[in-house]
Structure formats: structure tokens, C-alpha cells
1. Please tell me if TRP92 is within 27 Å of PHE239 (Cβ to Cβ), aromatic (Phe, Trp, Tyr) and touching a Lys or Arg at 6+ places or on another chain (Cβ under 6 Å).
2. How many residues are assigned to a loop (DSSP other than H, G, I, E, B) and either touching a Cys at 6+ places or on another chain (Cβ under 7 Å) or modelled with pLDDT under 95 (or both) if we restrict to the range 146-163?
3. Is there any pair with a first residue in the range 221-249 that is closer than 14 Å to ASN167 by Cα and a second that is in a helix (DSSP H, G or I) and among the basic types (Lys, Arg) whose Cβ atoms are under 7 Å apart and which are 6 or more apart or on different chains, and what are they?
4. Is at least one residue of the range 2-18 among the aromatic types (Phe, Trp, Tyr), modelled with pLDDT under 85, assigned to a loop (DSSP other than H, G, I, E, B) and in the same structural domain as LEU258 (by TED's automatic domain parsing)?
5. For the range 113-128, state whether one or more residues are assigned to a helix (DSSP H, G or I), more than 27 Å from ILE233 (Cβ to Cβ) and in the same structural domain as LYS240 (by TED's automatic domain parsing).
6. So which of THR152, THR168 is free of Cβ contacts under 8 Å to residues at least 12 places away in the same chain, surrounded by fewer than 17 Cβ atoms within 10 Å (Cβ to Cβ) and among the β-branched types (Val, Ile, Thr)?
7. Name the pairs: first residue in the range 252-274 and surrounded by fewer than 20 Cβ atoms within 10 Å (Cβ to Cβ), second residue modelled with pLDDT under 80 and of a type in the set (Phe, Trp, Tyr), Cβ to Cβ under 6 Å, at least 6 apart or on different chains?
8. Would you say THR118 is loosely packed, with under 13 Cβ neighbours inside 10 Å, among the polar types (S, T, N, Q) and in contact (Cβ under 8 Å) with a residue 12 or more places away in the chain?
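The values are calculated or read from the model by the stated rules, or taken from the named source; none is laboratory data. Only a predicted model underlies this, so the values are computations on that prediction, with no experimental measurement involved. Here Cβ is always computed from backbone atoms with ideal geometry, including for glycine, and neighbour counts include all displayed protein chains.
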Amino acid sequence: MIGAASDQTTTVAYPPRRAERLTVGRVALQVFIIVAAVLAVTPFLYMLTTSLKTYASVINNVLWPWPPFGWETPQVQNYPEAVRTVGWDSGWNTYLFFRYLANSLIVSGSIVAGSLITSTLAAYALGRMELPGKQVLFMLVLVTMMMPEDLTLVPKIVMMFNLKWYNTYLALIVPSLVSVFSIFLLRQFFMQIPKDLFEAALMDGMGHLRFLLFIVVPLSKPAILTVGLLNFIWAWDSFKWPLLVTRDSNMRVLGVGLQQFMQGQGTQVHLLMAFAAMVIAPVLILYFLAQKQFREGILNTGLKG
């Protein structure tokens, strides 16, 4: 009897899970999310559809010129035509579009690499090291985030002239090598790493630099990837600063190249949208490849609501 009783499997009865109530608030929230998503996607859909229209359809505001409501075919040739419209760079024996693309890659890549180095070092110093006046210094760093960008625009341009950096890569890259938001984001993440790890590393003979490189950085890959992605987007989409500190066409970036479609006879909107679609494509591809790490980096840095 005892053996038979011990062979019986004990089952635990859990109370049935109650279904979530469908309240007016939940429905309103879902409707708001759907409407916000549609509003966010609409400009991209307009850009893509316009890039495949003829100029006549654009100026006549034809919403859908293709079957079954129209007889046009998608104008895929707008994309190579947009590349040709930007112009030819005789010095480099190529279209200006590819020169702009090379400049954008050089500038964006340099800014991402430089900002990751400076932000990682500054965030570690402000978050994990015992420094005199650290909190005051961190508050001063945060204050710079509240200053309007246009407030420092003129002084920075004057500095570029005084340093003889105008119309060079140095003017395009150096002022963006420090990102206050990146420092804040990484500092929040570094502060969540247990102090016991540093004490154990200290017993093994590690200093701050080795602890940062071999312990903190590997544990902070989502946050570092988030910082890199955000800085790449900001650098890739930059327009005002590259326009002000460059003069020659061979020093311009893709964002500035959009102004080539503003001609005397009117803006060629269909080609402009084709050019814009090509400009934004690398950002979208990079985001979709890194969206998992991007979400983890945001949710694990204390910025979630």
C-alpha cells in the first residue's frame, strides 16, 4: 500500500486564469496605438509611392496611378535618373551621388567610432569611479543637453574657420565626437553592473581600464550597440552642419545632396523622393538587423516608462 501510494503522481490544482477584461480604456489605448503607428508609417509610404510615379502624376496629385485605378507602370527608372540628376564629379570621374555616399560613410563611421570611445570612457568614469565632484560634473554634462543646438552653432562655425578646418573632414567629424546623450545612456547601464564584479576583478589584479574592456564592455553590448545605432542615424541624417561647414561639392554628404533637386523650373518631387528613399534605406536596414539589441539597450538603461 505504501509503495503503491508513493508511485502515484501528485497533481497540484491551479486556479483557472481569469481572462483580461475588455474595458473602454484598453480599447481606446489599442486604437491610439494603431492610429499612431499609421501616422508614423504614412510619410514613408508616401515617399515610396511618389518615388515610383511620373512627374505628371505627382503634380496632378494622383494618389494611386497604377492598376486597378490607373494605367501607369511603376517608374523604377526614377532611381537611376535621380543619381544622374545630382550631377557628375569630373575630379573623381563618377556621379556626385557616389561621392556623397562615400563622404556620408566616412563621416558617419568616424563619428560612431569616436563617440563610442569617448562616451564609454566618460560614462565609466562618471558611473563607476570615485572622483571628487563627480555629481557636479555630471550635472554640468546634463545641462548641455538642455541648450538649444542653434545657440552654439555660430561659435562652432567661427572655430572651424579659426582652426582652418572649414571644408574639411575635420569640421564634419570632430564636433560630433562627443555625445552627451550617449554618455548619459551608457552611465545608466554601467551603474547596474554589480560592484562585486569589480571587487573580484580587483583581487585578480585588474585595474579600471582592464575591467572596463574585459568585463563592462562585453556585458554592455546592447547599450553600446544602441548608442552606436543612434549616433549613426544622427550623423547619417545630418543636414544643417554639413551644409554650413562645406563649400565644395566633393565634400558634401547625402543629406545636403537633396538640395540638388531644387531647380529653377520647380522641384522634381518624384526624383527627390527616389533620392530620399536611397538615403534612408541603409538606416532602415541597419535598424531591422539590430532591433533586438536596440530594444534591450533601451529597456535596460532605466529609460523605460
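1. Working: within 27 Å of PHE239 (Cβ to Cβ): yes; aromatic (Phe, Trp, Tyr): yes; touching a Lys or Arg at 6+ places or on another chain (Cβ under 6 Å): yes.
Answer is yes for this residue.
2. Taking the range 146-163 first, the residues assigned to a loop (DSSP other than H, G, I, E, B) are 147-148, 163.
If we keep only those that are either touching a Cys at 6+ places or on another chain (Cβ under 7 Å) or modelled with pLDDT under 95 (or both) too, we end up with 147-148.
Residues flagged as assigned to a loop (DSSP other than H, G, I, E, B) and either touching a Cys at 6+ places or on another chain (Cβ under 7 Å) or modelled with pLDDT under 95 (or both) within the range 146-163 amount to 2.
3. none
4. Step one: filter the range 2-18 for residues among the aromatic types (Phe, Trp, Tyr), giving 14.
Cutting the leftovers down to modelled with pLDDT under 85 gives us 14.
Remaining after also requiring assigned to a loop (DSSP other than H, G, I, E, B): 14.
From what's left, in the same structural domain as LEU258 (by TED's automatic domain parsing): none.
No, the range 2-18 contains no residue that is among the aromatic types (Phe, Trp, Tyr), modelled with pLDDT under 85, assigned to a loop (DSSP other than H, G, I, E, B) and in the same structural domain as LEU258 (by TED's automatic domain parsing).
5. First, pick out the residues of the range 113-128 that are assigned to a helix (DSSP H, G or I): 113-128.
From what's left, more than 27 Å from ILE233 (Cβ to Cβ): 128.
Now narrow it down to the ones that are in the same structural domain as LYS240 (by TED's automatic domain parsing): 128.
Looking through the range 113-128, at least one residue is assigned to a helix (DSSP H, G or I), more than 27 Å from ILE233 (Cβ to Cβ) and in the same structural domain as LYS240 (by TED's automatic domain parsing).
6. Working: THR168 fails: free of Cβ contacts under 8 Å to residues at least 12 places away in the same chain.
Answer to the check: THR152.
7. THR267/PHE261
8. Values: loosely packed, with under 13 Cβ neighbours inside 10 Å: no; among the polar types (S, T, N, Q): yes; in contact (Cβ under 8 Å) with a residue 12 or more places away in the chain: yes.
Judged against the criteria, THR118 is not a match.
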